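Encoded as structure tokens, the structure appears first; notes follow it.
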Amino acid sequence: MTESVEGTFLGLPENEGPADVTILSVPYELTTSYGQGTCDGPSAAIQASSQVELYDPLLPKDLPCGFNLHTAQPWNGEGSSLQEQLSGITNYVSQHEASFPVILGGEHGMLPAIMQAIAKKIDLNELTLIQIDAHADLRDELEGDPDSHACAARRSLDLGVGKILQIGIRAFAREEAKFLSEDQRVDAWLARDVLNPCGGEKIWLDWLNTLSKIEGPVWLTLDIDGLDAAYVPTTGTPVPGGLTFWQVIQTIETIASASGIQWIGADVSEIVPDPHNRVTEFTAAMLATKIVAAHLARRLEDES
């Protein structure tokens, strides 16, 4: 590997000129309901990324492959109330709308604030939100809080998001099961079905086929607890029975290669570092790197 630069994603040097990809850090943690530490996730993932290989088989050269990657200063966390902090996240994300943003978090409760930033440049009703997650995040409230991380997808729909495609879901409430069965804006591929040794492959292929046929703008929201807990043992709420690392990689690559998709950005959330094994933050760094590489591979294809 080349000599790395401390504090930048992948240890890459900062270059002048407009960014093609911007790495944003949102150390937001106000509504976590179990494990703590997501506020330290973004910096840990960036530190871990300096150990990630720059080679990706989708690209003709090592990252950044002739493109300009910029690691932005983290969101400042200012705000005396939850609503002020969410508004601050919206403003922070909006400042970098000219490039392809990859946002590191931070609890998944930041998602509606990200959607509000996106709404400044596109009609959310045209957006497909692809959600990798252990949880449906479709509660109307949790312990009286409608802005809880457990409500992130529901609030995104309230803001006008036209369609949500979920995969990896395996921990959800009766209220959410009812919502999934009744609301046509949300389709879910449950982990127990995708990973079922009897018929799971067919359902997995249906997921990939659905992604390949999407038309219009897409945002990927990747709550890393969507993966099995073996890959992310210290995420906020690790849940057994999740997706494999390679299933998430294949999902990312399918999004990037779908001809009708306008991929506008992604977030990787619920990163909780563990100084004893560093598996969670390294997994997050590798997935963020794959998002960057897949997006740039699509750019090269479109420009050729």
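Summary table below
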quantity: Qualifying residue in region 63-78 (condition: buried (at least 19 other Cβ atoms within 10 Å of the Cβ) and in a helix (DSSP H, G or I)); calculated: no
quantity: Helices (runs of 4 or more DSSP H) fully within region 193-304 counting 3 or more residues that are touching a residue at least 40 places away in the same chain (Cβ under 8 Å), crowded, with 16+ Cβ neighbours inside 10 Å and of a type outside the set (A, V, I, L, M, F, W, C); calculated: 245-257, 279-303
quantity: Matching entry among Pro273, Pro217, Pro238, Pro233 (being at pLDDT below 95, over 19 Å from Ser43 (Cα atoms) and not polar (S, T, N, Q)); calculated: Pro238
quantity: Residues within region 33-51 that are modelled with pLDDT of 95 or more and either outside any helix (DSSP H, G or I) or over 22 Å from Asn76 (Cα atoms) (or both), tallied; calculated: 2
quantity: Any chance Ala288 is farther than 16 Å from Gln51 by Cα, among the small types (Gly, Ala, Ser) and within 15 Å of the chain's Cα centre (by Cα); calculated: no
quantity: Subset of region 232-253 that is among the polar types (S, T, N, Q) and touching a Leu at 6+ places or on another chain (Cβ under 8 Å) - its residue that is farthest from Trp207 (Cα to Cα); calculated: Thr244
quantity: Residues of region 104-125 satisfying the condition of being in contact with a Pro (Cβ under 6 Å, 6 or more places away or on another chain) and surrounded by fewer than 24 Cβ atoms within 10 Å (Cβ to Cβ); calculated: Ile122
quantity: Within region 142-182, tally of residues that are in a loop (DSSP other than H, G, I, E, B) and crowded, with 22+ Cβ neighbours inside 10 Å; calculated: 3
quantity: Check on Ile167, among the aliphatic types (A, V, I, L, M), in contact with an Asp or Glu (Cβ under 9 Å, 6 or more places away or on another chain) and free of Cβ contacts under 8 Å to residues at least 40 places away in the same chain; calculated: no
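The rows are residues; the columns are (1) in a loop (DSSP other than H, G, I, E, B); (2) within 14 Å of the chain's Cα centre (by Cα); (3) farther than 16 Å from Val218 by Cα.
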{"site": "Glu97", "(1), (2), (3)": "yes, no, no"}
{"site": "Gly109", "(1), (2), (3)": "no, yes, yes"}
{"site": "Met115", "(1), (2), (3)": "no, yes, no"}
{"site": "Ile122", "(1), (2), (3)": "yes, no, no"}
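The values are calculated or read from the model by the stated rules, or taken from the named source; none is laboratory data. In this text the structure is predicted, and so the values were computed from the model without any measurement. Methodologically, a virtual Cβ is constructed for each residue, glycine included, from the backbone with ideal geometry; neighbour enumeration extends over all protein chains shown.
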